[in-house]
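S.K.: Sharing a structure, written as structure tokens. Questions coming.
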Amino acid sequence: MCSTRAHAGAPRDGDAFVNAAGTRSWPGPSVTLPFFARKAWTSLVGRDGGAPRVPYDRAAILENPSLTWIGHATFLVRMDGVTFLTDPMFSERASPVSFAGPKRLVAPGVPLDELPPVDFATLSHDHYDHTDLASIETLARRGTRFVAGLGMGDLVRGAGGEVVELDWGESVQMGTVRVHCVPAQHFSGRSVVGHNRRLWVGWVVEGPTRRFYHAGDTGYFDGFRALHERFGRIDVAALPIGAYEPAEIMRFVHLDPEEAVRAGLDLEARYTVPMHWGTFDLTDEPLDEPPRRFRAAANAARLGPDRAWVLAVGETRRW
């Protein structure tokens, strides 16, 4: 593996990373305290509205190229002779403990023990719904390597994995594809202290015939247009569409469905695929609202179902 740098890296404030757009504003306790109370309650009692799930097709997931939605931000991707996962999350809860925290609403589209051999996995940031140590440990035992942002190595190596850490603008060759670390607008932290010590990123996986983009978690920013200027047309753009209410808390760090469509247009993506909805109950919007709003916004932008895919968990598409 050989890594290279194309542009200046992520900005910092001391030992903490910061977004190019500056600091996220934070509303007062009249917004935050009721929100956290609501989420504590829903983590106990649950809500309806999880994403639909279909049985996976073993032959389809082995096709190359193909894209299979495992759930949340996890995709199984095959392209240009490699197989990789994005943000592998197969556990029952997105939480530091097994008995509390957001519980999985829909089983993984392909069980972890039924995956084909996986060459590598990308990690976008350290939040529990994206970096799952149990999944990393299992994959590492099978020889899967990891590519992650700066500061993520302690988590991956602690779970037994081999990891390449990259800054924004750096890339690494993984077999026949080059994996580019690109900016996102988000934050990091796995506890109440030490926020933003690990970098949050997106990924462009560039092969001889195709380009795949995984945005990780991000708010809307001018980085989408910049990616198009740098890479040209993206073949598949996986963009988050959920976790946007209350907007006073979430707007800076999460796309809403309309912004995801706008981002896909900025990228001039051949196909736009929504993710980060219907798997974990993280915020206030109705769980089944994001895909409905995404479909309406895509239709308004004249992106029909052939260009803007709303997948079921377990569904595979060729691209």
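The values are calculated or read from the model by the stated rules, or taken from the named source; none is laboratory data. Computed from a predicted model, the values in this text were never measured in an experiment. Backbone-built Cβ (ideal geometry, glycine too); neighbour counts: all protein chains shown. The protein model used for the area step is the full one, side chains on, heavy atoms only, and it has no ligands, DNA or RNA in it. Shrake-Rupley method; radii C 1.70, N 1.55, O 1.52, S 1.80 Å.
S.K.: What residue, among those in the stretch 82-96 that are part of a loop (DSSP other than H, G, I, E, B) and modelled with pLDDT of 95 or more, is most open to solvent (accessible area, probe 1.4 Å)?
M.R.: Checking each candidate, the answer is GLU92.
Matching residues to (1) touching a Gly at 6+ places or on another chain (Cβ under 9 Å); (2) not hydrophobic (A, V, I, L, M, F, W, C):
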site: LEU67; (1), (2): no, no
site: ILE70; (1), (2): yes, no
site: SER91; (1), (2): no, yes
site: SER95; (1), (2): yes, yes
site: VAL110; (1), (2): yes, no
site: ASP113; (1), (2): no, yes
site: PRO116; (1), (2): no, yes
site: THR122; (1), (2): yes, yes
site: ASP126; (1), (2): yes, yes
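S.K.: Next question, about the same structure. Restricted to the stretch 283-317, and to residues that are out of contact with any strand residue (DSSP E or B) (no Cβ under 9 Å at 6 or more places or on another chain) and open to solvent by less than 50 Å² (accessible area, probe 1.4 Å), which residue is farthest from LEU67 (Cα to Cα)?
M.R.: If we filter the stretch 283-317 for residues that are out of contact with any strand residue (DSSP E or B) (no Cβ under 9 Å at 6 or more places or on another chain), which is where we start, we get 283-289, 292-293, 296, 300, 302, 304-305.
Keeping just the survivors that are open to solvent by less than 50 Å² (accessible area, probe 1.4 Å) gives 283-285, 287, 289, 304.
Working: THR283: 27, ASP284: 29, GLU285: 27, LEU287: 23, GLU289: 23, GLY304: 19 Å.
Of everything passing the filter in the stretch 283-317, ASP284 is farthest from LEU67 (Cα to Cα).
S.K.: Say whether the condition of being in contact with an Asp or Glu (Cβ under 8 Å, 6 or more places away or on another chain) and in a strand (DSSP E or B) is met by at least one residue in the stretch 70-81.
M.R.: yes
S.K.: Report yes if some residue within the stretch 158-175 is closer than 22 Å to GLY314 by Cα, touching a residue at least 40 places away in the same chain (Cβ under 8 Å), hydrophobic (A, V, I, L, M, F, W, C) and not in a strand (DSSP E or B); otherwise report no.
M.R.: Scanning the stretch 158-175, I find no residue that is closer than 22 Å to GLY314 by Cα, touching a residue at least 40 places away in the same chain (Cβ under 8 Å), hydrophobic (A, V, I, L, M, F, W, C) and not in a strand (DSSP E or B), so the answer is no.
S.K.: Check VAL193 against each of (1) farther than 27 Å from ALA260 by Cα; (2) at pLDDT 95 or above and name the one condition it does not meet.
M.R.: Result: VAL193 passes all but (2).
S.K.: Could you say whether any residue in the stretch 36-43 is surrounded by 12 or more Cβ atoms within 10 Å (Cβ to Cβ), of a type in the set (D, E, K, R) and farther than 24 Å from PHE252 by Cα?
M.R.: No, the conditions are met nowhere in the stretch 36-43.
S.K.: Test PHE99 against the criterion of being open to solvent by 70 Å² or more (accessible area, probe 1.4 Å) and not in a strand (DSSP E or B), and give yes or no.
M.R.: Working: open to solvent by 70 Å² or more (accessible area, probe 1.4 Å): yes; not in a strand (DSSP E or B): yes.
For PHE99, the condition - open to solvent by 70 Å² or more (accessible area, probe 1.4 Å) and not in a strand (DSSP E or B) - is met.
S.K.: What residue, among those in the stretch 208-253 that are closer than 21 Å to ALA312 by Cα, part of a loop (DSSP other than H, G, I, E, B) and touching a strand residue (DSSP E or B) at 6+ places or on another chain (Cβ under 7 Å), is most open to solvent (accessible area, probe 1.4 Å)?
M.R.: Residue satisfying both the conditions and the ranking: ASP235.
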